[in-house]
Amino acid sequence: MDDPFVYLPALILAIPLLAFAALLFFGKQLDAIADKFAIAAMGLSFVLSVSLFARVAPLGPALQAHPIVH
């Protein structure tokens with residue numbers, strides 16, 4: 001699996017979860033930047049989601065003909 005886009009769905013899910021865990025455990029220490037940290041995690045997850053969509057969207061007709069879909 002040399003294609004880095006294979007790992008993007010897991011990374012898209014993991015980034016906000018890791019940010020949540022970091023804020024849960026280190027929220028008091030990150031008080032000054034906690035909001036920026038959470039917004040940055042969500043923004044990065046959004047950018048990765050858009051890049052994955054841009055990569056997969058042109059494959060729409062080919063994916064619809066896949067035997068699992070029918």
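Observations, loosely collected:
- Over the chain, DSSP H runs of length four or greater, each weighted -39,500 (n - 2.57), average out per residue to a 222 nm ellipticity of -22000 deg cm²/dmol.
- The computed P(r) over Cα pairs in 10 Å bins from 0, in percent for the structure shown corresponds, within (1) 18, 35, 26, 14, 6, 0; (2) 14, 40, 34, 10, 2, 0; (3) 20, 53, 26, 1, to (1).
- Between the Cα long axis of helix 8-26 and the first principal axis of the chain there is an angle of about 10°, rounded to the nearest 10.
The numbers here are math on the coordinates, done by the rules we state, and not lab data. None of these values were measured; they are calculated from a predicted model.
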